[in-house]
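These notes are about the structure you will find just below.
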Amino acid sequence: MSNLILLGTRKGIVILDRKDSSWHPRPIEHAGVPVCYAARDPRDATLWASLDHGHWGPKLSRSRDAGTTWENAPAIKYPEGARYIVKVLPTPDFDPDAPTGQPEYAGATVYKIWNIAFGSDAQPGRLYAGTIPGGLFVSDDGGESWELNRPLWNHESRGGDLFRGDATSENRWQGTPASIDYGVFEPGIHSIVIDPRDADHIHVAVSTAGVLETTDGGKSWTGRNQGMLMDYSPNPKAEWGHDPHFVAGCPGEPDHLWQQNHCGVFYSNDGAQNWRAVSKPEADARFGFPVAVDANDGRTAWVIPAKGDFERMAIGGGLAVARTTDGGQSWQSLRNGLPQEHAYDIVLRHALDIAGDTLCFGSTTGNVYLSEDRGENWQCLGNHFPPIYSVRFG
Amino acid sequence: MTTHLFRFFPILENQELTVPAGSVAEVLHAVDAISPGFCDYVLDERGALRRHVNVSINDTIVIDRKALSDHVGDDATVYIFQALSGG
């Protein structure tokens, strides 16, 4: 069982320690600075925080003494010549397959470091960072330096290699609403899933494009959106334009992947070669942001349903966690210990985590709930935290 | 300079820095030489002023936010402050 929880919040990072069977929050760190993601590297115990300064740009901060002191980590920067084809907010008659006409180019800068992932034990200094506007960065020296993964950045689904010249293909990637805060409408990488059996086998999820897979350590990438459906598109089965909200894998059965998508819950038991829609709206399992997967049983997953798409609040004023143990054929609504009236909480994509039988989630209303029995019963760890962006066990 | 930046660069607090006249970019990089990393806070990696940062020469907001080529005269003062873009 984990004894540490990291909360990335609108107003800084809050660390909770488990002592004497109860959880105790420490004073907030990075007070006043939005922390959109925070996690602990299990290999060397370094704590990482992605700071989302409103004025001063995205920064990484790290602590090598369990959160007592923090230091600025070297900045992630797009290399000279990194460009992308500008996207604009779609109109109601938006068609992701329609030709986009003459492309407009922009030089790339990091708007947001949305996710940090840690390499395998075989690659001790390897880190990954997913960003808006849609670049995956890789470090092999523990975050001292970062390099843009060019095969993904230059993917033909994005227009080809714009370092060399103008676009050689259409840009099929769309923007994410999460980018609008930065005055742009560009895609973002929020999920990075590394296969524990093979460090060269990685899935990333992009809002709004879909899932891509590499089997050669990032030298080439292939779209993995077979079976996905976009109910907001005139062509729901188009290859690109999907809106994964989060993708998580089962460490013990890595071919089992789960995707909470804008258009519902999807499951794959063949390494994302095929996705299957497993939403059950009648069991309140459809719209939402996060998904957590059991460490050993790839058929068992948890989602936190919300009233989608327009309201984005708890359904009927009551918080619930939905769990499946049979690959999404059936879902149980788990509510013991969760508020069942006047609850308006929404739980964002990185704000649910699992460690063994323990689950924890935090909401934009500043509430944190924890279950030590796989979601059957929940206890509240606090009601007055700042809006919560990420929850990760340490 | 906005006091918010002193939180990240305490060495700059209560300092009036005198640097050679030149472009705004040159002035900012002179500050960066005193407090490494400073430019990453006010400029993006393309060298453009971040969206919510304003720079003025005396009381005139700089025109070139992309390359910061506006000229800073010998006795001019450069101010760095946050753009008020919220409620």
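In summary, the aspartates and glutamates within cross-link reach of A:Lys307, defined as a Cα separation below 14 angstrom excluding same-chain residues under 8 places away, comprise A:Glu282, A:Asp284, A:Asp345.
Note on region A:272-384: Rg/Rh from Cα positions, Kirkwood definition for Rh, rounded to two decimals, is 0.94. Extension gain, A:Glu376 to A:Glu104, is 92.8 nm, computed as 0.36 nm per intervening residue step minus the present C-alpha separation.
Considering only A:Tyr232, A:Trp173, A:Gln273, the residue lying farthest towards the positive end of the dipole of region A:145-286 is A:Tyr232, judged by Cα position with unit charges set on Cβ. With θ taken as phi - 60° and the Karplus curve 6.51 cos²θ - 1.76 cosθ + 1.60 applied, the whole-hertz 3J(HN,Hα) list for region A:50-56 is 9, 8, 10, 3, x, 9, 9 Hz, x standing for glycine and proline. The slack between A:Asn235 and A:Glu147, meaning 0.36 nm per residue of separation minus the straight C-alpha distance, is 28.1 nm. In this entry, the protein assembly as shown is assigned a mean projected area of 23.1 nm², taken as a quarter of its C-alpha convex hull surface. First check a/c for chain B, with a ≥ b ≥ c the square roots of the eigenvalues of its C-alpha gyration tensor; if it is under 1.5, answer rounded, and if not, answer prolate when a/b is larger than b/c or oblate otherwise. Rounded, since a/c falls under 1.5. Peptide B:46-52 shows a mean partner chain C-beta count of 5 within 10 Å per residue C-beta. Radius of gyration (Cα atoms) of region A:186-341, expressed as a multiple of 2.2 N^0.38 Å: 1.02. In region A:4-393, a dipole from Cβ-located charges (positive for Lys and Arg, negative for Asp and Glu) runs towards its positive end, and of A:His384, A:Gly188, A:Ile354 it is A:His384 whose Cα lies farthest in that direction. Proximity of backbone amide H atoms, modeled 1.01 Å from N, is registered between A:Leu334 and A:Val321, A:Ala322, A:Arg323 at under 5 Å, excluding neighbours fewer than 5 places apart on the same chain. Rounded to the nearest Hz, the phi-derived 3J(HN,Hα) couplings of region B:28-41 under the Karplus curve 6.51 cos²θ - 1.76 cosθ + 1.60 (θ = phi - 60°) are 5, 6, 5, 5, 4, 5, 7, 10, x, x, 4, 4, 5, 7, where x marks glycine and proline. Put a dot 7 Å past the Cα of A:Gln273, heading toward its Cβ, do the same for A:His342, and the two dots end up 5.3 nm apart.
Approximating the spin labels as points 7 Å out from Cα along Cα→Cβ, the A:Asp140-to-B:Arg46 distance works out to 3.0 nm. Just add up the charged neighbours of A:Asp200: K/R +1, D/E -1, any other residue whose Cβ is under 9 Å from the Cβ of A:Asp200. Once positives and negatives cancel, what remains is -2. Seen from A:Glu376, the other residues with C-beta closer than 13 Å to its C-beta sum to a net charge of 0, counting Lys and Arg as +1 and Asp and Glu as -1. Annotation: extensible slack from B:Ala33 through B:Leu12 equals 6.4 nm (criterion: 0.36 nm per residue apart, minus Cα-Cα distance).
The value of relative contact order for region A:4-393, using C-alpha pairs under 8 Å at least six residues apart, is 11 percent.
Taking other Cβ atoms within 10 Å as a rough exposure proxy, A:His242, A:His350 sort from fewest to most as A:His350, A:His242. A:Leu89 to A:Asp198: FRET efficiency via 1/(1 + (r/R0)^6), r the Cβ-Cβ distance, R0 41 Å, to the nearest 0.05? Taking R0 as 41 Å, the efficiency between A:Leu89 and A:Asp198 is 0.60. Of interest is the spacing of the C-alpha centroids, which for region A:109-177 and region A:279-310 amounts to 27 Å. With the cut-off at under 15 Å, measuring from each backbone N in region A:352-392 to a point 7 Å along the Cα-to-Cβ line of A:Lys11 picks out A:363-368, A:382-389. For A:Asn115, the residues whose modelled amide H falls within less than 5 Å of its own, excluding neighbours fewer than 5 places apart on the same chain, are A:Gly130.
Listing A:Cys250, B:Cys39 from fewest to most neighbouring C-beta atoms within 10 Å gives B:Cys39, A:Cys250. Local charge for A:Gly175 was computed over the other residues whose Cβ lies under 14 Å away, with Lys and Arg +1 and Asp and Glu -1, and equals 0. Placing +1 on each Lys and Arg Cβ and -1 on each Asp and Glu Cβ, with no other charges, gives chain A a dipole about its Cα centre of roughly 640 debye. By the beta-carbon count within 10 Å of each Cβ, the least crowded to most crowded order of A:Ile388, A:Ile180, B:Ile80, fewest first, is A:Ile180, B:Ile80, A:Ile388.
Across region A:123-131, computed HN-Hα scalar couplings (Karplus, 6.51 cos²θ - 1.76 cosθ + 1.60, θ = phi - 60°) run 10, x, x, 7, 10, 10, 9, x, 10 Hz from first to last residue, x flagging Gly and Pro. Placing R0 at 25 angstrom, the Cβ-Cβ distance between A:Ala283 and A:Arg18 gives a FRET efficiency of 0.20 after rounding to 0.05. Its residue count N fixes a reference of 2.2 N^0.38 Å for region A:116-209, and the Cα radius of gyration divided by that reference is 1.14.
All of the numbers you see were taken from the coordinates with simple rules; none came from a lab. In this text the structure is predicted, and so the values were computed from the model without any measurement. When we count neighbours, we look across all protein chains shown, and the Cβ atoms used for this are built from the backbone with ideal geometry, even at glycine.
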